[in-house]
Amino acid sequence: MLIVVRNFLSIFILLFALAPIARAELRIEITQGVDKPVPIAIVPFGWEGRGDTPPFDVAALISADLARSGRFAPLDPDDMLERPTLGRDVDFQDWRLLGIEVVIVGRLIETGRDDYTIQFQMFNVYRGEQLLGYRQPASKTQLRGGSHLVADMIYEELTGIRGIFATRIAYITATGGPGAQIFRLIVADPDGENARILVESTEPIMSPAWSPDSRKLAYVSFEKQRSEIYIQTLRSGARRRVSSRAGVNGAPVWSPDGRSLALTLSKTDGNLDIYTLNLSNQVLKRLTHGPSIETEPTWSPDGRWIFFTSDRAGGPQVYRMSANGGTAKRVTFEGAYNARPRLAPDGQKIAVVHNDRGNYRIALVDVDRGYTQVLTKGHLDESPSYAPNGETLIYATRRGLQGVLGTVSTDGRIHRIISSLEGDVREPVWSPFRVN
Amino acid sequence: MKLIRQILFPVLMIVLAGCTSESTGTRDASGVGSVPIGGSGDDVYRAGSPMDEGAGGIMGTRIIYFGFDKTDIESDYRDILAGHARFLAANPDVDVRLEGHADERGSREYNIGLGERRAQSVREILLLRGVSSGSMNAISFGEERPAAMGSGEEAWAQNRRVELIFSE
């Protein structure tokens, strides 16, 4: 469904139900990995179906996912001595000779007109034992997503941590020169593939936020020459405007139960404060008062607390208050600038934009003790967002003059840059785990 | 937006010119003319107002700049705003949008806050000088609409601003 809204000033905004972009918009490079990634082999899958070539290279996608995590070193298929597709055909001695610790074999099987099964088995090479075997059904359009699900299963079995290959990211792009810019809100796989435009506008879009069920995105749009907050449903492209009050409407975030938004309003007094908005009954509740700037709210995962940015102490710092409002307690104490908090999934730390000796970098701050660990190395880093397994952060940074995205593991060891072929990329947000 | 700005400046000049001359009269050295007494017998002179030539004058400066992390108005700009306030108070049909901006450093929504505070600072000065609240509209764009692309103090200084945009 495509909706076009025009007004007399030739501002246009296009809304899409996940319209696909013709080519992959993002390109990913590894800039720093772990010292000893696990040697693993994902043998090219067999094909059981019509025609000589399978409709999708499952093994290549799984291999790319595991490599991109920085924790695995997949063997180049050209170096494989044999290519079994079933467990009973695996000769473990051959793989031990190559120094491989884990081998994965499988087949893509056509089961119907546009239906398939992704079948795989995973073995510990030294013990010769099967670790995992599974048959994952997938329709033709689900082959990419199904392969990501398999990569997630493998990752969880080997690391004990739930994989994020089947999650999504949303981000904003800006292309064109001053006075003629196009802004887009895009949803893609974490590898940058499968990118789809949600919104396209001649005016800025900001602050995308995923709903807890991954079905909607809230965002700020300036299509009316001022800030307003919208919620758009991904599947249908339908959207509704949830806040267009006088003054600023900004920084929307969802409560963990999906029933409310926390947001920033300035109303007519011009003073930014935090409010919550109940999405079913539209009841608005003001949580902060006072002349300082209060903005960038975020909920703790258990829904009990709201963390936010306030400059009541002179410069921006992060504070915490009960989700019902009340006294706020300061949480960041290192550095003159700490803003835009986001909670880790376990609630122990916040990721913030932190000014470190003149450089704006992403730091993790322990919520209870205030210990600050600077993770990134740029000059203008911003917008950190946790992957739902808490292992990685995605954030916005620069490469030269271009706005690009970066990912960094929360232990600070694995760094990656994600750049667009044209224009700037900014404000990335990682989706929750998919709810099936 | 651009269209409105281009029309307004000539309109502004015509409005001011109309106050100062009607038919032949003498002009003194400052360029302000006096209105001759017509046949109506009315000998009260209406007040003239200064005419600014070119973009360097007070009415041409419609962007107020701010220091890093600052939202208060420096004294040079206060004089400029006084001029705008007089114009607006004398022309109640004219509205003004006060668009506040910030440079790109730091988080985006906090920068919306800085832009809003700057726009509100300008609004307060105009209000104190007699501009009606209803003819002003303060909006923040944060760092989302830079005047100067690129990084470094030169670009940042140009982006920390409030733009006054007049319309009728």
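Values quoted throughout were computed directly from the atomic coordinates according to the rules given, and no laboratory measurement underlies them. Small disclaimer: the values here were computed from a predicted structure and weren't measured. Neighbour counts are summed over all protein chains in view; Cβ atoms, including those assigned to glycine, are modelled from backbone coordinates with ideal geometry.
For segment B:76-89, the Karplus equation 6.51 cos²θ - 1.76 cosθ + 1.60, evaluated at θ = phi - 60°, returns couplings of 4, 6, 4, 5, 4, 5, 4, x, 5, 5, 4, 4, 5, 5 Hz by residue, with Gly and Pro reported as x.
Across chain A, Cα pairs under 8 Å and at least six residues apart give a relative contact order of 13 percent. Volume per residue of the convex hull around the Cα atoms, evaluated for segment A:218-328, comes out as 108 Å³.
Any idea what angle helix A:58-68 forms with the longest principal axis of chain A, computed on alpha-carbon atoms, 0 to 90 degrees, nearest 10? Here the helix axis deviates by roughly 50 degrees. The rule of thumb for compact globular proteins, 2.2 N^0.38 Å, goes into the C-alpha radius of gyration of segment A:208-264 1.07 times. Kirkwood's formula applied to the C-alpha pairs of segment A:105-162 gives a hydrodynamic radius of 12.1 angstrom.
For segment A:307-420, the fraction of C-alpha pairs more than 20 angstrom apart is 38%. Ordering B:77, A:171, A:230 from the fewest to the most neighbouring beta carbons within 10 Å gives B:77, A:230, A:171.
Per residue, how big is the convex hull around the C-alpha atoms of segment B:100-168? Give it to me in cubic angstrom, could you? Could you put the intermediate results ahead of the total?
Details: hull volume 6.1 nm³, N = 69.
Cα convex hull per residue, to the nearest whole number: 88 Å³.
Quick one: grab the alpha carbon gyration tensor of chain A, order the square roots of its eigenvalues as a ≥ b ≥ c, and give me rounded if a/c is under 1.5, else prolate or oblate depending on whether a/b is larger than b/c. Could you put the intermediate results ahead of the total?
Working: a/c = 2.14, a/b = 1.62, b/c = 1.32.
The shape class here is prolate.
Once you list every other residue whose beta carbon is under 13 Å from the beta carbon of residue A:347, what net charge do they have if Lys and Arg are +1 and Asp and Glu are -1? Intermediate values should be presented prior to the final figure.
Details: positive: A:304, A:320, A:342, A:349; negative: A:302, A:346, A:366, A:368.
With Lys, Arg at +1 and Asp, Glu at -1, the net is 0.
Among residues other than residue B:130 with Cβ under 14 Å from its Cβ, the summed charge is +2 (Lys and Arg +1, Asp and Glu -1).
Students often get this wrong, so check it: of A:216/A:329; A:224/A:267; A:36/A:377; A:216/A:377; A:216/A:285; A:267/B:70, which have C-alpha atoms separated by over 25 Å?
On the way: A:216/A:329 32 Å; A:224/A:267 17 Å; A:36/A:377 23 Å; A:216/A:377 32 Å; A:216/A:285 23 Å; A:267/B:70 22 Å.
From A:216/A:329; A:224/A:267; A:36/A:377; A:216/A:377; A:216/A:285; A:267/B:70, over 25 Å: A:216/A:329; A:216/A:377.
Cβ under 15 Å from residue A:157's Cβ, residue A:157 left aside: what net charge do those residues give with Lys, Arg +1 and Asp, Glu -1? Don't skip to the end; give the middle numbers.
Values: positive: A:71, A:127, A:162; negative: A:65, A:101, A:129, A:152, A:156.
Within the 15 Å Cβ shell, the charges total -2.
Remark: segment A:299-312, residue by residue, has Karplus-estimated 3J(HN,Hα) of 8, 6, x, 8, x, 8, 10, 10, 9, 7, 9, 9, 10, 4 Hz, where x stands for each Gly or Pro and the curve is 6.51 cos²θ - 1.76 cosθ + 1.60 at θ = phi - 60°. Computed on segment B:63-168, with alpha-carbon pairs under 8 angstrom and 6+ residues apart, the relative contact order is 41 percent. Enter the angle in degrees (range 0 to 90, nearest 10) between the Cα long axis of helix A:143-159 and the first principal axis of the Cα atoms of chain A, meaning the one along which they spread out most. With rounding to tens, the tilt is 90 degrees. Between residue A:168 and A:431, the built amide H atoms are under 5 Å apart, and every one of these is 5 or more places off in sequence or on another chain. Along segment B:112-129 the Karplus relation, 6.51 cos²θ - 1.76 cosθ + 1.60 evaluated at θ = phi - 60°, assigns HN-Hα couplings of 4, x, 5, x, 5, 4, 5, 4, 5, 4, 5, 4, 5, 5, 5, 4, 4, 9 Hz to successive residues, with x for each Gly and Pro.
Start at zero, step by 10 Å, and the Cα-Cα distances of segment A:35-159 spread as 13, 48, 32, 7, 0 percent across the bins.
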